[in-house]
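Right, one structure below, let's go through it.
The values are calculated or read from the model by the stated rules, or taken from the named source; none is laboratory data. Remember, predicted model here, so these are calculated numbers, not experimental data. Positions of Cβ are generated from backbone atoms using ideal geometry, with glycine treated the same way; all protein chains shown enter the neighbour counts. These accessible areas exclude ligands, DNA and RNA; they are computed on the full protein's heavy atoms, side chains included. Shrake-Rupley method; radii C 1.70, N 1.55, O 1.52, S 1.80 Å.
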Amino acid sequence: MLSACGACSACTGRICDEDHRSRRPGAEYSLAPPLAPSAEGSFWSDVGHERRSANSLPAPALALETGSLLFKPPDRSVARPPRVHMIICALDYEDTRFPSSCSQSGRNMMELARRCNARVESLYNNEATVANVGKIIREVGSRCAAGDVLVFFYAGHGARVPGEAFGDVDSREEAFCFVDQKGQTSSACWLSDADLAALIKSHVHPEAELIFLADCGCSGAVVDINKSVWSGRRVVSISGCQERQPVGDMGAGGKFTHALLLAMENLCSRNRPKCTIGEVYAQILAVDDAVFHSAQDITIQARPSDSMRWPLMPFGTFTAPLSKTFEQQESEVVSASPPPPASSPTSPRSGVGAAVTGPPTVHMVICALDYANTKCPLTCTLDGENIAELASLCNAKINTLVNEDATVGKVSDLVHQVGSRCGAGDYFIFYYAGHGASLPDQDGDEEDGKDEAFCFVDCNGRTSPDCWLRDDDFAKLVTSSVHPETKIIILADCCHSGTVADLNKTVWSGYQVVSIAGCKDEQTSGDTGKGGIFTHSFLLAVDELCRQKRTAYSLGELYRETCKIDDTVFRSVQDISIQAVPDDSLPWPLVPPTQYVAPLKRDAGPPERLPTLLHSSVGGQGNSVADKRALRSPDVVATKGGCCFCRRERHARAP
């Protein structure tokens, strides 16, 4: 087996979170003014990072024959999944006569894009010059391949300029109002729809899909997709208003952007993981009419149609920024009211003997990290999406933290929040996909002298022992947050995870809890380049039990089916492990109500095109290993505490 390796100091990929605010003299110009004054806020940018393409890696194939999974020779013709590239431009025009709060719209869209694993480049305020916009379009465009999606989001002022030379029907051309290096704006700084089209045509692959989102005035035809320059391309533009209208600014972002994000929240709440742009547009209109009652007419243009798939659909639950604001205000009102009596049946933590009313609720926390900005990237957000899809089918209440959002602080807060909602008889499921680590035992409870840990990150996406969550602390976190009569399930797709829940600790006494992990404490766990071996085996096991018409089964039964799938399909060297208190008879709550097909089988299409995953011949000797998708320098030990940061390796047992 390949040895574990370390050096958390190698994982120092950086995201720029600098404050780009600057004070500038005002400038007079003619444009569509906002409808509300600006709000204070800091500005930051996020630079997307390249990730390795998994489809270029050698791997084995799966075949489906009469419901069973068997190997077939590798098929190297399978293309990589499309990538979503995003450019965000947001300007506040702080020291002009027409300030806005558009940088807040940019940050809100950035949050959505991160949840959807888009590769984001951004320009804020005085960075957003025409020259810089052209440069970023060239850079991002060069990375777009056939089938990829490029999303261009603009929040700022819009303007109309003479357009006779370009053949516009009304002899006017729409433009984005960018700035010069001092933050001043004039017609010399603006980017017309014709110039935008020329940039896209010159630098973006002709078979890439294009989506333009414009939260600005005079934006109905700001992309002008009826022009011949867009011929042969798939392009959709959604803008905040018609050509002669202004758009609304709420002082904390634009109405159009807020309506779009509220539409995402509504669609996620309806378990709609896949939507067309036309469906998203219809939902935006419904939100705008119901919530804002605005005079602006949100507009769509599409070529050839609006049936393109919307690429920014977050998995799990999504709460729009405006909803978060409302919830915070409501919580402040509630906190000012007298608390309910301790025996109140409405309190989820009203005592051990609280009566259970109605069917149990399944509360789920999903943490998935790709470490894209480090030297040891993974594909764990795919695992998170796949698990969230299953949970959505079973009406679980899902809460997710991915990538840079998965800090120890945020994870702890989320576990406390979700745990406080769990009543007697409910389920609390904690799912983690990412790196795992071993640390020196700090309280003498480990036979091997090592604690296990989840490898979370800091707010910049960096990881080190300071960011990790030990098994001891995790056990205390869960037991201090969850009702003692709540059923607890822990799923860990990471290295060194066999006892990552530490169920032998007395803190778990009295709880009913089962932990299933991707490997033993001393082992590494496999990443296929399209998700983890354990998660795929687990979901294939759910698929198989569903195919057998099993409507109820225990976690012990699901565990044994998972091991069978791993042995039959992946033949991996990792030993999927289970711990249980008091035993593994706890019923598995996420049984799909209808026929369920695991992502690995569903995405493959016909059996003859099932994807390659793991194996490749080495040296003609018949044994197999796979490319390593984690730390590149074996046996390097981190500087703090002698801890070893491990990799989730792509590996396989010889046939």
Apportionment of accessible area to carbon and sulfur, region 95-218, percent (1.4 Å): 48 percent
Cut-off under 5 Å, modelled amide H: who pairs with residue 119 long-range: 84, 85, 86
Geometric extent, Cα atoms of region 431-550 - Rg, Dmax (angstrom): 15.4, 47
Of 530/601; 450/564; 201/227, those spanning more than 18 Å from alpha-carbon to alpha-carbon: 450/564
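Quick check: convex hull over the Cα atoms of region 168-221, volume per residue in Å³, rounded to an integer? Show your work: numbers first, answer last.
Values: hull volume 6.4 nm³, N = 54.
Cα convex hull per residue, to the nearest whole number: 118 Å³.
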Solvent exposure of region 363-477 as accessible area per residue, Å², 1.4 Å probe: 29 Å²
Exposure of residue 313 as accessible area (Å², to 10), given a probe of 1.4 Å and all protein chains: 30 Å²
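Just to make sure I understand: if all protein chains stay in place, what is the order of 190, 588 by accessible area at 1.4 Å, largest first?
Correct descending sequence by accessible area is 190, 588.
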Residue-normalised accessible area of region 135-224, expressed per residue, 1.4 Å probe, Å²: 34 Å²
Kirkwood hydrodynamic radius (C-alpha pairs) into Stokes-Einstein, region 359-494, 25 °C and 0.890 mPa s, D in µm²/s: 160 µm²/s
Computed P(r) (all Cα pairs; region 184-300; 10 Å bins; percent): 13, 39, 33, 14, 1
Residue 452 accessible area, assembled protein chains, probe 1.4 Å, Å²: 0 Å²
Scattering profile of region 116-243 at q = 0.11, 0.22 Å⁻¹ [log10 I(q)/I(0), Debye over alpha-carbon scatterers]: -0.35, -1.47
Dipole moment magnitude, nearest 20 debye, region 198-326 about Cα centre, only Lys, Arg, Asp, Glu C-beta charged: 340 debye
Global size of region 446-498 as Cα Rg and Dmax, reported in angstrom: 13.0, 37
Residue-normalised accessible area of region 250-301, given per residue in Å² at a 1.4 Å probe: 39 Å²
Residues whose placed amide H lies under 5 Å from that of residue 532, excluding near-sequence neighbours: 383
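So what are region 508-558's ellipsoid semi-axes, whole angstrom, largest first, if each one is the square root of 5 times an eigenvalue of the alpha-carbon gyration tensor? Walk me through the intermediate numbers first.
Numbers: eigenvalues 94, 86, 9 Å².
In descending order the semi-axes read 22, 21, 7 Å.
Label region 491-600 by shape, choosing from rounded, prolate and oblate, from the square roots a ≥ b ≥ c of the eigenvalues of the Cα gyration tensor; if a/c is under 1.5 it is rounded, and otherwise prolate applies when a/b is larger than b/c, oblate when it is not.
Taking the square roots of the gyration eigenvalues as a ≥ b ≥ c, region 491-600 is oblate.
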Separation of alpha-carbon centers, region 505-519 and region 276-292, rounded to whole Å: 45 Å
3J(HN,Hα) from dihedral phi, region 514-526, Karplus parametrisation 6.51/-1.76/1.60, rounded to Hz, x for glycine, proline: 10, 10, 10, 10, x, 6, 7, 4, 8, 10, 9, 10, x
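Count the net charge of all other residues whose Cβ sits under 11 Å from the Cβ of residue 304, scoring Lys and Arg as +1 and Asp and Glu as -1. Let's see the in-between values first.
On the way: positive: 233, 234, 303; negative: 306.
Net local charge, residue 304 excluded: +2.
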